[in-house]
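Notes follow the structure.
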């Protein structure tokens with residue numbers, strides 16, 4: 001579906017570019033973290049790089065950046081390389097450089113409070129204990145930016161949260177997460193062209 005959406009909107013190239021978006025995937029850099037639960041935000045933005053035909057490897061703003069187009073609008077894709085707890089140090093300079101407001105920001109990240117593979121979109125709110133989001137709120141100066149949260153579930157009672165989020169998904173969870181990453185990407189692209197409330201109404205009712 002997402003590829004069809006890209007093809008259908010290709011005719012929109014050249015339209016008024018007043019809806020540029022910065023899409024930030026949260027995660028930790030390095031091969032040792034690449035497959036961990038905490039990195040599903042990176043997975044989603046990597047997926048979007050593939051859909052939009054963007055390399056996502058330019059070193060800027062203490063991160064890796066890709067620049068694409070969708071529906072006639074600029075889409076900036078950012079992977080902060082600061083480690084999770086300092087994500088805002090990458091996001092804020094990127095927003096300043098492209099002269100974007102919090103309304104132009106979409107952050108994709110993992111959520112312990114949602115079942116594995118589920119999706120939840122929000123227009124604003126607190127960090128919910130997520131240190132990457134907490135850093136962005138502190139650096140940007142507001143909590144009023146869009147979020148796409150991908151559920152990773154809670155750890156077993158004998159596993160710490162830190163160990164859990166920094167461990168890979170189980171075999172049975174992987175198909176759920178791959179589907180969630182693709183749906184999250186679809187939601188992000190729709191949010192480039194449509195009001196976020198409308199996107200929320202569509203994706204928050206899906207299991």
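Every read-out reported here was derived from the displayed coordinates using simple, explicitly stated rules and does not represent laboratory data. Just so we're clear, the structure is a prediction, and the values are computed from it rather than from any experiment. Don't worry about glycine lacking a Cβ; one is built from the backbone with ideal geometry, like all the others, and counts go over all protein chains shown.
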(request) Please work out the FRET efficiency for the pair residue 161 and residue 59, using the Cβ-Cβ distance as r and a Förster radius of 35 Å; give the result to the nearest 0.05. (result) 0.65
(message) With a 10 Å cut-off between alpha carbons and a GNM built on the chain, which of 24, 107, 159 moves the most?
(response) 159
(request) Describe numerically, in nm with one decimal, the distance between label points set 7 Å from Cα along Cα→Cβ at residue 96 and at residue 204. (result) 3.3
(request) Before rounding to the nearest 500, sum -39500 (n - 2.57) across all DSSP H runs of length at least 4 in the chain and divide by the residue total; then give [θ] at 222 nm in deg cm²/dmol. (result) -10500 deg cm²/dmol
(message) As a footprinting exposure proxy, order 23, 199, 51 by other Cβ within 10 Å, with the fewest listed first.
(response) 51, 199, 23
(message) What does DSSP give for the range 9-124 in terms of the percent of beta bridges that are antiparallel, rounded to the nearest 5?
(response) 60
(message) I'm a student and want to see the number: the projected area of the Cα convex hull of the range 20-119, averaged over all directions, in nm².
(response) 6.6
(message) Compute the angle between helix 131-140 and the longest alpha-carbon principal axis of the chain, please, reported from 0 to 90 degrees and rounded to the nearest 10.
(response) 40
(request) Using only the Cα atoms of the range 75-152, build the gyration tensor, take square roots of its eigenvalues as a ≥ b ≥ c, and label the shape rounded, prolate or oblate: rounded if a/c is under 1.5, else prolate if a/b is larger than b/c, else oblate. (result) prolate
(message) Can you give me the C-alpha center-to-center distance between the range 91-166 and the range 177-194, rounded to a whole angstrom?
(response) 15
(message) Based only on other Cβ atoms within 10 Å, what is the fewest-to-most ordering of 97, 169?
(response) 97, 169
(message) Only bridges whose two residues both fall in the range 19-203 count here: according to DSSP, what percent of them are antiparallel, nearest 5?
(response) 55
(request) Just need log10 I(q)/I(0) for the chain at q = 0.10 Å⁻¹, Debye formula, equal scatterers on the alpha-carbon atoms, no solvent, rounded to two decimals. (result) -0.37
(request) With the Cα gyration tensor of the range 141-207 in hand, give its eigenvalues times 5 under a square root as the equivalent ellipsoid semi-axes, listed largest first in whole angstrom. (result) 27, 16, 10
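May I ask you to sort 58, 21, 31 by Cβ crowding, counting other Cβ atoms within 10 Å and putting the fewest first?
By the 10 Å Cβ count, ascending: 31, 58, 21.
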